[in-house]
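The values are calculated or read from the model by the stated rules, or taken from the named source; none is laboratory data. Just so we're clear, the structure is a prediction, and the values are computed from it rather than from any experiment. Glycine also receives a Cβ, built like all others from the backbone with ideal geometry; neighbour counts cover every protein chain displayed. Just so you know, the surface numbers come from the protein's heavy atoms only, side chains and all, with ligands and any DNA or RNA stripped out. Shrake-Rupley method; radii C 1.70, N 1.55, O 1.52, S 1.80 Å.
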Amino acid sequence: MKMSYRPGQAGLAEGVAFAFIATVPRIFLTTPAITTGQSGELSWAVPLINGVCSMIMFFLILYVAERVPGDLLAVCRQLLGNPFAWLTGLFYIALFWGNSILLLRQYTENTLVTALPYVDFHIVIAWYSFVIGFFIFTGHSTIIRVSYLVLPWLLASILAVFALLASKYNVYNLIPWQGNGLINGLKLGIMVAGYDISVFALIIMAPSFQNHRTVRAAGIYGLSLSVMLKTLITLVYLLVFGTEVGMEKTLPFFEMSRLIYISRFVQHVEALLIALWVVTGLLAITANLYVVVYLMSRLLNLPAIRPIAPLITVITACLAMLPKNFDDVVVLDGSFNLVSGAGLYFIPVILTLTTLLKLRKKQCG
């Protein structure tokens with residue numbers, strides 16, 4: 001029986017938008033400021049390094065998926081048995097669910113800080129949860145098509161911010177270019193690569209796309225576009241603020257947008273950009289949470305995800321409200337990234353080594 005959430009209709013454009021939206025949301029949060037404090041003037045290279053690491057791991061797991069039919073759970077089941085498939089499924093459910101919870105809390109907090117300071121926290125998170133639940137209930141096609149529509153507007157607005165801030169660039173803010181040390185920058189880039197683990201959603205939901213060529217191209221183009229944009233935003237952030245001021249900002253991209261002044265009649269363009277990055281964040285949360293309900297449905301062999309989608313959304317909203325303050329959320333986000341690194345590095349390596357071993361045995365036989 002063909003499951004309703006695996007229609008195999010998504011093409012390259014939708015896959016690129018899905019991969020981009022799923023991996024880009026933290027660039028609008030506090031992450032660039034934290035990276036600036038840890039790597040100094042070399043922080044612009046950190047997104048580039050973790051993007052390269054994520055791309056390598058994506059190619060490894062894609063190598064396996066192209067030689068073993070099915071999605072990620074089916075691949076694990078064929079290579080290492082049903083218990084390993086269950087463990088892998090539960091592990092990725094925890095990772096994508098944790099990512100959804102942390103993103104929902106951070107975007108809610110940032111909305112209150114930047115746009116709605118007098119609105120109750122619970123009202124904002126309730127509305128966001130309603131939108132997320134609606135998108136999940138309507139299916140993956142709605143998520144990827146809305147992402148495809150938002151992508152050009154997001155890129156155009158960010159490039160416009162770069163152009164309007166050109167007069168404030170100071171190239172001396174990039175000196176010394178080694179920052180806090182080349183080894184430190186390389187180490188940090190490898191460690192924070194877990195933030196890009198959402199690109200694995202393409203492999204996890206491979207039957208939802210047309211074929212493996214679509215998945216490969218979507219992963220390459222979507223992740224490359226995301227990495228390039230995150231690198232440019234961090235670079236512009238350094239050019240404008242420098243390291244000493246940059247590490248103190250809570251919302252780097254919002255602070256850059258506030259500096260734009262076209263004329264006395266055209267200013268405060270950040271008000272328009274707030275809506276855009278909120279939509280981007282909600283789509284990223286929805287994409288991650290959809291992977292959660294997809295994996296649950298696969299593990300339980302359910303014919304559809306709609307019965308569990310509202311319940312998962314409500315639980316996500318409740319868990320997002322548990323941290324007492326924003327500082328706790330930032331600490332949890334850093335710890336979560338370390339755990340995500342295990343899912344990014346270890347499982348693709350294990351699957352690749354197992355595949356190579358079985359192919360070698362088959363050739364010898």
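Between Ala13 and Leu302, what FRET efficiency follows from the Cβ-Cβ distance if R0 is 41 Å, with the result rounded to 0.05?
Efficiency computed from Cβ-Cβ geometry: 0.90.
Find how much the distance from Arg145 to Leu232 grows on full extension, using 0.36 nm per residue of separation minus their present alpha carbon separation; answer in nm with one decimal.
28.8 nm
Excluding ligands, DNA and RNA, what is the solvent-accessible area per residue of segment 22-156 at a probe of 1.4 Å, expressed in Å²?
Accessible area per residue, segment 22-156: 38 Å².
If the only charges are +1 at each Lys and Arg Cβ and -1 at each Asp and Glu Cβ, what is the size of the charge dipole of segment 39-131 around the Cα centre, to the nearest 20 debye?
The dipole magnitude comes to about 280 debye.
Would you work out what percent of the accessible area of segment 192-345, with all protein chains in place, is carbon or sulfur (probe 1.4 Å)?
Of all accessible area on segment 192-345, carbon and sulfur atoms account for 65 percent.
At 1.4 Å probe size, with the rest of the protein present, what percent of the exposed accessible area of segment 1-113 is carbon and sulfur atoms?
70
Using each residue's phi in segment 339-351, evaluate 6.51 cos²θ - 1.76 cosθ + 1.60 at θ = phi - 60° and report the 3J(HN,Hα) Karplus result to the nearest Hz, with x for Gly and Pro.
These are the phi-based 3J(HN,Hα) values: 5, 4, x, 5, x, 6, 9, 6, 5, x, 5, 4, 5 Hz.
Once you order the gyration tensor axes a ≥ b ≥ c over the Cα atoms, which shape class does segment 312-365 get: rounded for a/c under 1.5, otherwise prolate or oblate by comparing a/b with b/c?
oblate
Once both labels are modelled 7 Å past Cα along the beta-carbon direction, what's the Arg258-Leu155 spacing in nm?
Distance between label points: 3.0 nm.
Taking trypsin sites (Lys or Arg not before Pro) that fall in a DSSP loop and have at most 11 other Cβ atoms within 10 Å as cut points, what is the longest piece of the chain between them?
Between the exposed loop sites, the longest stretch runs 3-263.
In this model, which of Lys187/Lys249; Lys168/Lys324; Lys230/Lys324; Lys187/Lys361 are farther than 31 Å apart at the alpha-carbon?
Too far apart for the 31 Å limit: Lys168/Lys324; Lys187/Lys361.
Express the accessible area of segment 315-356 per residue in Å², computed with a 1.4 Å probe while the remaining protein chains stay in the model.
48
Find the centroid of the Cα atoms in segment 313-364 and in segment 184-215, then give the distance between the two in whole Å.
Segment 313-364 and segment 184-215 have Cα centres spaced 11 Å from each other.
Hey, what do the phi angles of segment 194-211 turn into as Karplus ³J(HN,Hα) couplings, whole Hz, using 6.51/-1.76/1.60 and θ = phi - 60°, x for Gly and Pro?
x, 5, 9, 5, 5, 5, 5, 4, 5, 6, 4, 9, 3, x, 7, 10, 5, 6
What distance in nm separates the two pseudo spin-label positions at Glu248 and Arg213, each 7 Å out from Cα along the beta-carbon direction?
5.5
Within a Cβ distance under 10 Å of Gln106, other residues only, what is the Lys/Arg minus Asp/Glu net charge?
Result for the local shell: 0.
Calculate one ³J(HN,Hα) per residue across segment 231-240 by plugging θ = phi - 60° into the Karplus curve 6.51 cos²θ - 1.76 cosθ + 1.60, and present them in order as whole Hz with x for glycine and proline.
For segment 231-240, the Karplus-derived couplings read 5, 5, 5, 5, 5, 5, 4, 5, 4, 7 Hz, x marking Gly and Pro.
Could you state the number of Å between the C-alpha centres of segment 118-141 and segment 235-301?
Result: 17 Å between the Cα centres.
Just add up the charged neighbours of Gly179: K/R +1, D/E -1, any other residue whose Cβ is under 13 Å from the Cβ of Gly179.
Local charge sum for Gly179: -1.
Considering the options Cys318, Ser340, Asn301, tell which one lies farthest towards the positive end of the dipole of segment 291-365, charges being +1 on Lys and Arg and -1 on Asp and Glu at the Cβ, about the Cα centre.
Asn301
State the extension gain, in nm to one decimal, for the chain segment bounded by Leu87 and Val113, taking 0.36 nm per residue of separation less the distance between their alpha-carbons.
5.5 nm
Using label points projected 7 Å from each Cα along Cα→Cβ, tell me how many nm separate Val131 and Val339, to one decimal.
That separation, rounded to one decimal, is 2.7 nm.
Efficiency by 1/(1 + (r/R0)^6): what FRET value for Leu276 and Ile56, r their Cβ-Cβ distance, R0 = 30 Å, to the nearest 0.05?
Rounded to the nearest 0.05, the efficiency is 0.45.
Could you tell me the calculated FRET efficiency between Arg67 and Lys187, based on Cβ-Cβ distance and R0 = 30 angstrom, to the nearest 0.05?
0.35
Report the chymotrypsin sites (Phe, Trp or Tyr not before Pro) located in segment 214-310 that are in a DSSP loop and have at most 10 other Cβ atoms inside 10 Å of their Cβ, or state none.
Passing both the DSSP loop test and the Cβ count: Phe265.
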